[in-house]
Amino acid sequence: MTSLAARVQFAIFSRLVARAALVVMIAPSFVGAQQATPESPAAPTRAAKAAPSDPLIDVRRGTIPIIICAPHGGGDKIPEVSQRKQKPVDPPRGTPKWVTGADVRTRELAQKIVADLETRLGGKPYFVMARFHRRYIDANRAPEHSYEDDDAKFYYDAYHDAAAEFCAEVQKKFGAGLVFDVHGQASFKDEILIGTVGGVTVKLLLERHGRGALVGREGLVGRMLDAGLKVKPALDSETLNVAAGLNGGYTVQTYGSHRPTALDAIQLEYGTDLRSPEKLDDTARRSAEAIAGFYQAYFQRRKAAAAE
Ligand SMILES: [Zn+2]
């Protein structure tokens, strides 16, 4: 590695570590303690609001290099924070950027996938999932497109500080790993869209194992099909892009392996039918089967080889 690249990487890594330290400082108990109830003896003052004790996210430190995120599945109100109202427009295409609808049942889906992976793999995935509703904060956007009310910053920062901390930890401990960002879409009702910004956010996976690791028979696409799920991109697809707007958002673009995280980040967009109450368990089980096989083939094997 050139010294410049090393310096840049070190600078970014140091920033991640600094942000991680900040989380520990401002919210010493939130990792692994989701039940904390804020005490509210009287009408909250401005100062009291500045540091809520509950960041309204579910987070857990894991033991295997898989991080599951779910930014849009929360249903909770954020006390004293107003809902987002503006709908800024993306100038070139004129499409609305300010989406306030939740990805229904994706938090539950992500939790079920975590639980199933834990059973299959005998280790705990890390997770970061919003309990706050998207109408207050969109955690899958850059801060300037995420919230309007300054009091929402604490929650947004708590979410991304946790994600950044876990990415840095996985990189340090395991050298490689996976981030799955779980979402819902209504355009392809019985399909899962696998978004990697055309392969960009899984740069290292493709460099190490080729395109087949993503779209081949042994790759994630093949394993999803084997598990009985319909997916885009298609098996052995020429393009790694999926539908516009579902191709990979802020989270995978921030934590993907084209960045110094060295983790491969994949957005999973579940169609409406796959998230119905009747189908949710089945969808989670099939997804975990595919993800576990994919992980064992390209990540666990790599770790085992390194240990020999
Ligand atoms: Zn979403």
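FYI, it's all coordinate maths here, none of it is from the lab. No experiment lies behind these values; they were computed from the predicted model shown. Here the Cβ is made from the backbone with ideal geometry for all residues, glycine too, and neighbour counts use every protein chain on show.
Worth a mention:
- Neighbourhood charge, 12 Å Cβ-Cβ cut-off, centred on Val252 and excluding it, Lys, Arg +1 and Asp, Glu -1: -1
- Gained length - Glu144 relative to Arg217, 0.36 nm times residue gap less alpha-carbon distance: 22.3 nm
- Charge tally around Glu289: other residues with Cβ under 10 Å, Lys/Arg +1 each, Asp/Glu -1 each, net +2.
- Antiparallel content of DSSP bridges confined to segment 165-308, in %, to 5: 25
- Label point at Arg208 placed 7 Å out along Cα→Cβ; residues across segment 245-284 whose backbone nitrogen lies under 12 Å: 257, 262-265
- Value of D in µm² per second that Stokes-Einstein yields for segment 223-308, Kirkwood Rh from Cα pairs, at 4 °C (1.567 mPa s): 87
- For segment 143-293, diffusion coefficient by Stokes-Einstein and Kirkwood Rh (Cα), 4 °C, 1.567 mPa s, µm²/s: 81
- Three-way shape call for segment 227-276 based on the alpha-carbon gyration tensor, with the a/c threshold at 1.5: prolate
- Within segment 158-198: backbone nitrogen closer than 16 Å to the Ala243 label point (7 Å, Cα to C-beta): 183-197
- Separation in nanometres of the label points that stand 7 Å from Cα toward Cβ, at Glu278 and Lys77: 3.4
- With 21 Å as the limit on Cα-Cα distance, the pairs of Lys203/Lys232; Lys124/Lys279; Lys112/Lys172; Lys124/Lys203; Lys124/Lys189 that go past it are Lys124/Lys279; Lys112/Lys172; Lys124/Lys203; Lys124/Lys189.
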